[in-house]
Every structure is written in C-alpha cells, then in structure tokens.
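Asker: Below is one structure. I have some questions about it.
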Amino acid sequence: MTTRENFGSKLGAILAAAGSAVGLGNVWRFPIETGQHGGAAFICIYILCIIILGIPIMMGEFLIGRHTHSNTARAYQRLAPGTQWKWVGRLGVFTGTFILCYYCVIGGWTLHYTTLAATNTFDGVPPAEFQDIFALFVSNPWMPTVWLIIFMLMTHVVVSRGIQHGIERFSKIIMPMLFILVVVLVICSVCLPGASNGIRFLLMPDFSKVTGKVVLGAMGQAFFSLSLGMGCLCTYASYFNHHTNLGRTAVNVCVIDTIVAIMAGFIIFPSVFNIGVDADHLQAGPSLLFISLPNVFQKSFGAVPFLAILFSTAFYFLIFIAALTSAISLHEVTTAFIVEEMKLKRRWAALIVTGICSAVGVVCSLSFGPLKDMLIFDMSIFDFFDYISGNIFLPVAGMLISIFVGWYLDRHILIEEFSNNGELRARYIPVIVFILRYIAPVAIGLVLLNQLGVFSFLV
Ligand code: PFF
C-alpha cells in the first residue's frame, strides 16, 4: 500500500479548506442577498446559520475524512461497512465533479475579464454596451471554451502536484494574496465619495425584509459558501494529521469565509452607490459580476484611468483566484477517488478529471451560445447543472451527513476525533451531536423543500 500524503502544517490545512470555501458564492451571491434582504438583519441570520448548522456539519465532514484517511466514497464504506451509506460518499464525489463542470465555465470568464480589465478595454464604453460585450462573449463558441480550458489546466497543474507540493503550497501563496487584495479593494471602495450610503445600505438592519424564505435562503447560501455536502472538506480532512484540532479548524474556516463575504459587500456597494445605481435592482450572479460591476468601476474610478484599470483588474483577479482555489478542491475530490479506487497514478487520475470536466464544461459553456435552445426540464444545460447540484444534491448530502454523524456513528469515534484521542477537552460534543441529530436534518429538510418550491406560500 502506498503511503498517503498529509498537509505539512496546520496553517496549510486551514488555508486549503478556506480556499475551498471562499469562492464565487462569496462575491456574487452573498453581498446581493444581504443588500436585498435587510442588510445587517440578513448578516445576523446568516451568521446564526453558520454557527448553528455550518460549523457542526463541517466538523462532521472533517471527522469522517480524518478518521478514515480515505477518499469520500471509501470513507463511508469504512465507517459503515456493508451498508447503503456508501452512496452518500459516492454522491459527494459525483456532486463535486458535477459542480466543477459548470464552475470552470465561470472560472474561465473571470480570467477573460481580468485580461479585459488589465488591457483597459472598458475605458469609454457606454453603460448599455457592457451587456452586449458580455452577451457577445458568452455566446461565442470559441472564446469561453479556450478560457475554461486554460482555467482547468491551471487547476490540473496544482492538483496533479499532490497535497503538500501542490494544494498546500499553492494555498499558502495564493490565500494571503487574496486577503491582501480584499483589504486593498475595500479601502479603495470605501474612500469613494458617496460610499457611506453604500455602507449604510449594507449594514442598516431592516428586519421587515426578513421572511421565512429569506431565512431558508440564508441557510442554502451558507451551505454553498462553506462547500458543505460535496466531499471537498471530507477529502481535505483525510489529509489532516492527528494533531489538527477539528473544531478550531472548522471555526477558522467559517470565520474566514464569512469575513470575505462581508468584505465583498464593502467592495461592491460603495462603488454602486457612488454612481447612483439602484441597488434593489442589481441582480445576483453573472450579470452583477460581468455587466453591472465593470460599468460601476469604470464610472467610479474613471476620472483617474490608471486607478480604474488597477481596481477592476485587481477585482477580477481576486474573483479568479477565489474560483481557482474552490475548483482545486472540487477537482481533488474526484482525483483522490480515482487514485485510490482505480489505483492510478495521481497525474493520470487528475488528467481524467480535467478531461471529463473540461469536455462537459464546454457543453455547459455552449449552452449560452449554439446550444441555448437545448433545454433540460425547461432550463439551459448550465442552469440545470447549477440548479440540481446547488438545490438538490447539496442539501440532500448535507442532511445525510448530519444523520450519519449524529445517529449512526459510534459516539466513541466522535470523542476520539474531536478530542484528538483525549489530547483536547472538546466539551462541546453533546451540543454538536444534538444539532446533528435534531436541528440540522429538519432545517436542511426545510431548505430543500423551499428550493423545490414547496413553500411558495412563504412570502
Ligand atoms: N464554496 C464555493 C463558493 O462559495 O463559491 C463553492 C464550492 C466549492 C462549493 C467547493 C462546493 C465545493 F465543494
């Protein structure tokens, strides 16, 4: 049997897991949801979701990975031999691959927009034309394909180098860079004239906008943002060593992810208010990142062209590295699975994943152009991938993980893992078990029903 690699340091492990969590979800969904659903009121609810659900489920995933030191599919088989729980692990591998197939499309767009911003393409473009620039780009059969393949190759290079020399080393370089970029962009943005209106909009608690649906939306967002339910964190935890404090690591990752999400709001809203765009009409998702924001940045910093170039390039580069570190974690789930289950060398396994995800990614990408009329359940191929993984696979897997750890797993395993074999006190174990047994499954069940539209009466 070949020896399995581990992360070489605690910091490396935290930064890699934080790299998985901090991604497109932080930048394009969180700030807008906050803005539209009561500002600070939404932030409070989101933070509650992270504390009550996010941290315990993340700890559950960490426990499964670290205890078994195997890929996600095998982890469940080891913990529950001869049972159907193996399907939860397999679902994690499948969902990870599925998400990567469409995530890489947007990863490619971020690269393209970084180059557009760096070459000052947005200078002097009338506001209405940003929509056309984007529409022309995504519907072109070649350009987005080339960028997504470049993005996948970058992911491939890191994953194929292994844990310590690839993922850990890369995370240690790129994550501090990401934090610096976030801080610099926040400082630039809050110094703009009129920024205080944006800050007020973002932070003014307005509980009248908080409905049942908003709360369930906050839970769903917390899930996606923390990379829960997809096998990523379980796979990364399989490389944690026996001294890694699982509880503390989960708290650190959740804090980093939430701070970056809130700071993304501080980058976006001051600029938006600076030029007087109606924030209620901003849409989450691609149109925010690739249509509204280039215009907003251009207008905000246009008086000093050099600053406009610098700010937008830094912003798109930031999204690109956030997307890249998340894509790496998704890639690793399937690569680890192939290495261990099919006994292939890492570089071949990584090549298979890169090949499959790039090929399916191209099909998703073409659904904005030549394949736009090809619909699955009335959705474009891209939307179908996004909908089914985020709204169905992810909550289902999250619910099963909490039931597995809360109800099925032997309490001794929990004590052994959370206390590092008695090294730590871990007095919180009964609370975590209570949440995983009773609160998480019910809460996630409600999120699932909400996302399936069953709760349409909740306004
Ligand atoms: N957490 C990432 C984001 O916020 O964009 C997305 C993601 C990455 C989801 C990895 C799931 C995952 F396994």
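Where a number appears in this text, it was derived from the coordinates with a stated rule and is not lab data. What you are looking at is a predicted structure, and each value in this text was computed from that prediction instead of being measured. Note that each Cβ is placed from the backbone with ideal geometry, even for glycine, and that neighbours are counted across all protein chains shown.
Asker: If exposed means no more than 12 neighbouring beta carbons inside 10 Å and the site is in a DSSP loop, what's the longest run of the chain without any exposed chymotrypsin sites (Phe, Trp or Tyr not before Pro)? Could the numbers behind the result be given before it?
Answerer: Numbers: sites that count: W142, F377, F457.
Counting only loop sites that pass the neighbour cut-off, the longest clear stretch is 143-376.
Asker: For a quick check: sort T119, T258, T325 by the number of other beta carbons within 10 angstrom, fewest at the front.
Answerer: Working: T119 11, T258 23, T325 26.
By the 10 Å Cβ count, ascending: T119, T258, T325.
Asker: I would also like to ask the following. What Kirkwood hydrodynamic radius, in Å, does the range 219-350 give when the mean of 1/r is taken over all pairs of distinct Cα atoms and then inverted? It would help to have the intermediate numbers written out before the result.
Answerer: Working: mean 1/r = 0.0566 Å⁻¹.
Radius from the Kirkwood sum: 17.7 Å.
Asker: Assigning unit charges at the beta carbon (Lys, Arg +1; Asp, Glu -1) and nothing else, what dipole magnitude in debye, to the nearest 20, does the chain show about its Cα centre? Before the final figure, lay out each step's value.
Answerer: Working: 25 positive and 22 negative charges, 254 e Å.
Approximately 1220 debye in magnitude.
Asker: First obtain the Kirkwood hydrodynamic radius of the range 348-441 from its Cα pairs, then insert it into the Stokes-Einstein equation at 25 °C and 0.890 mPa s, and state the resulting D in µm² per second as a whole number. Could the numbers behind the result be given before it?
Answerer: Working: Rh = 16.7 Å.
For the chosen part, D equals 147 µm²/s.
Asker: Here's a follow-up. Taking N as the number of residues in the range 118-273, what is its alpha-carbon radius of gyration divided by 2.2 N^0.38 Å? Don't skip to the end; give the middle numbers.
Answerer: Values: Rg = 19.9 Å, N = 156, 2.2 N^0.38 = 15.0 Å.
Relative to the rule-of-thumb radius for its length, the range 118-273 sits at 1.33.
Asker: Can you tell me the 0 to 90 degree angle between the C-alpha axis of helix 169-190 and the longest principal axis of the chain, rounded to 10?
Answerer: In the chain, helix 169-190 runs at an angle near 40 degrees to the longest axis.
Asker: Run the simple label-point estimate for I180 and V146 please: 7 Å along Cα→C-beta, distance reported in nm.
Answerer: 3.1 nm
Asker: OK, next. What's the angle, to the nearest 10 degrees (0 to 90), between helix 86-118's Cα axis and the longest principal axis of the chain?
Answerer: Roughly 20 degrees between the two axes.
Asker: As a test of the formula, what do you get for the chain when each DSSP H run with n ≥ 4 contributes -39,500 (n - 2.57) and the sum is divided by the residue count, at 222 nm and rounded to the nearest 500 deg cm²/dmol? Provide the component values of the computation, followed by the final result.
Answerer: Values: 21 runs with 303 residues, N = 459.
The per-residue figure over the chain is -21500 deg cm²/dmol.
Asker: Please determine, in degrees from 0 to 90 and to the nearest 10, the orientation of helix 246-274 with respect to the longest principal axis defined by the Cα atoms of the chain, where the helix direction is its Cα long axis.
Answerer: 10 degrees
Asker: Please rank C191, C104, fewest neighbouring Cβ atoms within 10 Å first, as an exposure proxy.
Answerer: Details: C191 9, C104 31.
The order, fewest Cβ neighbours first, is C191, C104.
Asker: What does the charge count around S380 come to, taking other residues whose C-beta lies under 13 Å from its C-beta (Lys +1, Arg +1, Asp -1, Glu -1)? Numbers along the way, then the final one.
Answerer: Values: positive: K372; negative: D373, D378, D383, D386.
Taking every other residue near S380 into account, the sum is -3.
Asker: Here's another thing I want to ask about it. Local charge sum around C254 (other residues, Cβ-Cβ under 13 Å, Lys/Arg +1, Asp/Glu -1)? Show your work: numbers first, answer last.
Answerer: Working: positive: R248; negative: E61, D257.
Neighbour charge sum, excluding C254 itself: -1.
Asker: Could you tell me the calculated FRET efficiency between T3 and D132, based on Cβ-Cβ distance and R0 = 51 angstrom, to the nearest 0.05? Write down the numbers at each step before the final one.
Answerer: On the way: r = 55 Å, r/R0 = 1.08.
Calculated transfer efficiency: 0.40.
Asker: Arrange E33, E129, E423 by Cβ neighbour counts within 10 Å, fewest through most, would you? Don't skip to the end; give the middle numbers.
Answerer: Working: E33 21, E129 14, E423 10.
If I rank by nearby Cβ atoms, fewest first, I get E423, E129, E33.
Asker: Let me ask something else. Multiplying the sequence separation of S139 and W407 by 0.36 nm and subtracting their Cα-Cα distance, what value in nm do you get?
Answerer: On the way: separation 268, 0.36 × 268 = 96.48 nm, distance 4.83 nm.
Contour length minus Cα-Cα distance gives 91.6 nm.
Asker: Cβ under 14 Å from F122's Cβ, F122 left aside: what net charge do those residues give with Lys, Arg +1 and Asp, Glu -1?
Answerer: Details: positive: K299; negative: D123, E129, D132.
Here the charged neighbours net out to -2.
Asker: For the chain, what size does the Cα cloud have along each of its three principal axes, sorted from largest down, in whole Å?
Answerer: 63, 49, 43 Å, listed from the longest principal axis down.
Asker: Under 1.5 on a/c is rounded, so check that first for the range 39-154, then, if it is not, pick prolate when a/b is larger than b/c and oblate when it is not; a ≥ b ≥ c are the square roots of the alpha carbon gyration tensor eigenvalues. Could the numbers behind the result be given before it?
Answerer: Working: a/c = 3.49, a/b = 1.81, b/c = 1.93.
Oblate, because a/c is 1.5 or more while a/b does not exceed b/c.
Asker: Right, another one. Among the trypsin sites (Lys or Arg not before Pro) in the range 353-429, which ones are in a DSSP loop with at most 10 other Cβ atoms within 10 Å of the Cβ? Mind listing them?
Answerer: Details: sites: K372, R411, R425, R427; in loops: K372, R425, R427.
Taking the range 353-429 and a limit of 10 other Cβ atoms within 10 Å, the loop trypsin sites (Lys or Arg not before Pro) found are R425, R427.
Asker: For the pairs K172/K299; K172/K343; K10/K299; K213/K372, flag any whose C-alpha to C-alpha distance is greater than 32 Å. Could you put the intermediate results ahead of the total?
Answerer: Numbers: K172/K299 35 Å; K172/K343 29 Å; K10/K299 43 Å; K213/K372 30 Å.
Over 32 Å apart, Cα to Cα: K172/K299; K10/K299.
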